[in-house]
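Colleague: Please see the structure below; I have some questions.
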Amino acid sequence: MAPERGPVRCRGMHLQTRRLQLRPIEMTDIDEVAALLGNPEVSRYLGDGQPRPRERVELGLRNGRRMWNERGFGPFYAAGDSCFIGIGLLMPIAHTGIDATDLDARGPEIEIGYWIARSAWGQGFATEIGNAVLDWAMGPDGPGLDRLIAVTHPDNAASQRVLEKIGMARVGETDAYYGSTTVLYEYGPA
Ligand SMILES: CC(C)(COP(=O)(O)OP(=O)(O)OC[C@H]1O[C@@H](n2cnc3c(N)ncnc32)[C@H](O)[C@@H]1OP(=O)(O)O)[C@@H](O)C(=O)NCCC(=O)NCCS
């Protein structure tokens, strides 16, 4: 078992890993998330590859809050020693052909993902967040999901490595999501 897995202590929707505290995202996190996704190195393999404008980030946070309110899961904000580390995502995926910002059009499959602050890359944080979110989402303390999927840009080798480290199985390339070619991973029954 990877050292980043470790035991996850859980108080409702607050998760404690070896180095991080995770909690549901809030609208007041907008400055940190906008700075994260405004970094071209972070956005390189996301969506259209361009830094994400603040208005789009705000819409994403609104959708994330709706998920928490209506379905009891959604994006997590992760911090270590009070310092923002990144986001652990749990959202319905956007199939090709829909407007990805339209929450009601997304799904039904639930996607796991992670965005880590550039200064914190290479320290196992995505793996630590991914393990905690996956275990919570599929375990007795969370929403009890029985299947998760993830997609990455074909060139996003670091993300693919993280998905393998958290135990997800590579399915192959697909054009089914986000209007582009991605590599699909899954966890749970196909
Ligand atoms: C991809 C990302 C999440 C990785 O975060 P991280 O905290 O650095 O990841 P970890 O340290 O947990 O693990 C990274 C793994 O990828 C490996 N890796 C890093 N760069 C790599 C590369 N170019 N090629 C192959 N493997 C690579 C690391 O060696 C490590 O594997 P190891 O533990 O076996 O050595 C981070 O770079 C990020 O946020 N990128 C921008 C957003 C993004 O692309 N998110 C994923 C969307 S699908």
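The values are calculated or read from the model by the stated rules, or taken from the named source; none is laboratory data. In this text the structure is predicted, and so the values were computed from the model without any measurement. No Cβ is skipped: glycine too gets one built from the backbone with ideal geometry, and neighbour counts run over all protein chains shown. All accessible areas refer to the heavy atoms of the entire protein, side chains included, with ligands and DNA or RNA removed. Shrake-Rupley method; radii C 1.70, N 1.55, O 1.52, S 1.80 Å.
Colleague: In nm, what is the difference between 0.36 nm times the number of residues separating R44 and E70 and their Cα-Cα distance?
Modeller: 6.3 nm
Colleague: I would also like to ask the following. Rounded to the nearest whole Å³, what is the per residue volume of the convex hull around the Cα atoms of segment 93-174?
Modeller: Convex hull volume per residue, Cα atoms: 121 Å³.
Colleague: Is it possible to state the helix-based mean residue ellipticity at 222 nm for the chain, with each DSSP H run of 4+ residues giving -39500 (n - 2.57), the sum divided by total residues, to the nearest 500 deg cm²/dmol? What is it?
Modeller: My calculation for the chain gives -8500 deg cm²/dmol from helical runs alone.
Colleague: Could I ask something else about it? In whole Hz and in residue order, list the ³J(HN,Hα) couplings for segment 100-105 that follow from phi through the Karplus curve 6.51 cos²θ - 1.76 cosθ + 1.60, θ = phi - 60°; x for Gly and Pro.
Modeller: So the Karplus estimates, Gly and Pro as x, are 4, 7, 8, 4, 5, 8 Hz.
Colleague: Can you tell me the dipole magnitude for the chain around its Cα centre, using point charges on the Cβ only (Lys, Arg +1; Asp, Glu -1), in Debye to the nearest 20?
Modeller: Using Cβ point charges on Lys, Arg, Asp and Glu, the chain gives about 500 debye.
Colleague: Do any trypsin sites (Lys or Arg not before Pro) in segment 38-105 lie in a loop, going by DSSP, with at most 15 other beta-carbon atoms within 10 Å of their beta carbon, and if so which?
Modeller: Passing sites in segment 38-105 are R44.
Colleague: A further question on this structure: Show the residues, 5+ positions off or on another chain, whose built amide H is closer than 5 Å to the amide H of M91.
Modeller: E111
Colleague: Could you compute the net charge surrounding L184? Neighbours are other residues with a C-beta less than 14 Å from the C-beta of L184; K and R count +1, D and E count -1.
Modeller: -4
Colleague: Taking all protein chains in place and a 1.4 Å probe, what share, in percent, of the accessible surface of the chain do carbon and sulfur account for?
Modeller: 49
Colleague: Turning to a different aspect of this structure: Under 5 Å between amide H atoms, partner at least 5 residues away or on a different chain: which partners does G47 have, H built in plane at 1.01 Å?
Modeller: none
Colleague: Tell me which chymotrypsin sites (Phe, Trp or Tyr not before Pro) from segment 52-90 have a DSSP coil assignment and no more than 11 other beta carbons within 10 Å of their own.
Modeller: Passing both the DSSP loop test and the Cβ count: no residue.
Colleague: What nm value, rounded to one decimal, do you get for the distance between S180 and M27 when each label is placed 7 Å out toward the C-beta?
Modeller: Placing both labels 7 Å along Cα→Cβ, they lie 3.0 nm apart.
Colleague: Using a Förster distance of 22 Å, how high is the FRET efficiency between C83 and D155, based on the Cβ-Cβ distance and rounded to 0.05?
Modeller: Plugging the Cβ-Cβ distance into 1/(1 + (r/R0)^6) gives 0.15.
Colleague: How large is the direction-averaged shadow of the alpha-carbon convex hull of the chain, in nm²?
Modeller: 9.7
Colleague: Quick one: what are the phi-derived ³J(HN,Hα) couplings along segment 153-167, Karplus 6.51/-1.76/1.60 with θ = phi - 60°, whole Hz, x for glycine and proline?
Modeller: Couplings: 4, x, 8, 8, 5, 5, 5, 4, 5, 4, 4, 5, 5, 8, x Hz.
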